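Student: Can you keep this structure in mind? I'll have questions shortly.
The values are calculated or read from the model by the stated rules, or taken from the named source; none is laboratory data. These numbers come from a predicted model, not from an experiment. Using ideal geometry, Cβ is built from the backbone for each residue, glycine included, and neighbour counts are taken over all protein chains shown.
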């Protein structure tokens, strides 16, 4: 036997409709058919833009040009070490931009803080260390450019930083990624 409380609990609210097509947000579909997952449109767009299959577009590396080159492999694109060197350079560059307090396009202008008088010593040490490391990295790239007489800065700027598809720069991109991999000890 069920108690009075259980009977009241059973009567509350609408009954759940089972075995019906639903929209991605969980609402019952008015068209009567199930919709594709919400990310399918984004995956199709990424696949067509990067020239990969929809399954390969699920890989996070497919979001960038250097990632798709790494997915192609060492023979046609970038090796894992070259890709890791490029990723570490991007991380170092982001830290450098934070250290010099460069304007960041992703942040709102209202959130930008003004330099205060009481900056901690640890923060100052971190900034100096990041700036010195970034300068060393730039000097290493410039040395390689002077020795090899290739346009490494353009490959670094267009293909790694901006993420543009510049197929004619693939050789220079491989060289600059090798330099970065050696610099970061990958």
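Student: Report yes if some residue within the stretch 97-106 is out of contact with any helix residue (DSSP H, G or I) (no Cβ under 7 Å at 6 or more places or on another chain), at pLDDT below 80, surrounded by fewer than 16 Cβ atoms within 10 Å (Cβ to Cβ) and at positive phi; otherwise report no.
Tutor: No: the stretch 97-106 contains no residue that is out of contact with any helix residue (DSSP H, G or I) (no Cβ under 7 Å at 6 or more places or on another chain), at pLDDT below 80, surrounded by fewer than 16 Cβ atoms within 10 Å (Cβ to Cβ) and at positive phi.
Student: Would you tally the residues in the stretch 152-186 being within 19 Å of the chain's Cα centre (by Cα), in a helix (DSSP H, G or I), surrounded by fewer than 17 Cβ atoms within 10 Å (Cβ to Cβ) and in contact (Cβ under 8 Å) with a residue 24 or more places away in the chain?
Tutor: Final tally of qualifying residues: 1.
Student: Counting only residues that are within 19 Å of the chain's Cα centre (by Cα), at pLDDT 80 or above and assigned by TED's automatic domain parsing to the domain that holds residue 179, give me the helices (runs of 4 or more DSSP H) lying completely in the stretch 10-85 with at least 3 of them.
Tutor: Result: 65-72.
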